Amino acid sequence: MNSMATKSPKTPNPPVQHPVPAVRPDNGGDSVVLERRPQKTKPPQMYQVVLLNDDYTPMEFVVVVIQEFFNKDRETATQIMLKIHLDGKGVCGVFSKDVAATKVDQVTEAARKNGHPLQCVSEPIE
Ligand code: TYC
């Protein structure tokens, strides 16, 4: 027997929500009304990318990283950097899982290249 033909995929696609034709009792059966079904698919899990404070990475480097990788203007980047410096950590942006992982890799590579111990992590939100 061909097992490939009968095997179901590991993660089946969610059922497609087609509008359902419904015949209303009061319309004489002459017209078709499309009723909307409630959307059942959940929005994707999002991730916040967080920078951690340390005693060695220069403030200016952190500001430039936040500007370059998180598209913040200089003033916003400075505020985020100071928040991290004072609180120990700070959110630089919220992204899909893949984009968040890429941001973490890019920031970490830039930090190591420049000899800084800056730590960048991503965390699921909500
Ligand atoms: N604490 C660092 C200093 O005083 C600055 C710094 C800010 C480092 C934010 C890392 O994520 C960081 N030079």
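The values are calculated or read from the model by the stated rules, or taken from the named source; none is laboratory data. Values in this document were obtained by computation on a predicted structure and should not be read as measured data. Cβ placement follows ideal geometry from the backbone for every residue including glycine, while neighbour counts extend to all protein chains displayed. Just the protein is used for accessible areas: all its heavy atoms, side chains included, with ligands, DNA and RNA removed. Shrake-Rupley method; radii C 1.70, N 1.55, O 1.52, S 1.80 Å.
Data overview
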| read-out | value |
| --- | --- |
| Extension gain, residue 105 back to residue 45 (0.36 nm per residue minus Cα-Cα distance, nm) | 19.7 nm |
| Computed lengthening from residue 91 to residue 113, 0.36 nm per intervening residue step minus Cα-Cα distance | 5.7 nm |
| Peptides ranked, highest mean first, by Cβ atoms within 10 Å: ranges 34-43, 116-125 | 116-125, 34-43 |
| Length released on extending from residue 98 to residue 33, taking residue separation times 0.36 nm less the Cα-Cα span | 19.3 nm |
| Accessible-area composition of segment 55-124, carbon plus sulfur, in percent [1.4 Å probe] | 52 percent |
| Sequence-separation-based contact order of segment 61-126, relative, with Cα cut under 8 Å and 6+ spacing, percent | 23 percent |
| Euclidean distance of C-alpha centroids, segment 51-126 and segment 32-50, integer Å | 30 Å |
| Estimated FRET transfer efficiency (residue 71, residue 125; beta-carbon r; R0 22 Å; 0.05) | 0.70 |
| In sequence order, calculated HN-Hα J values of segment 76-82 (Karplus, 6.51, -1.76, 1.60; Hz; x Gly/Pro) | 4, 4, 5, 4, 5, 4, 5 |
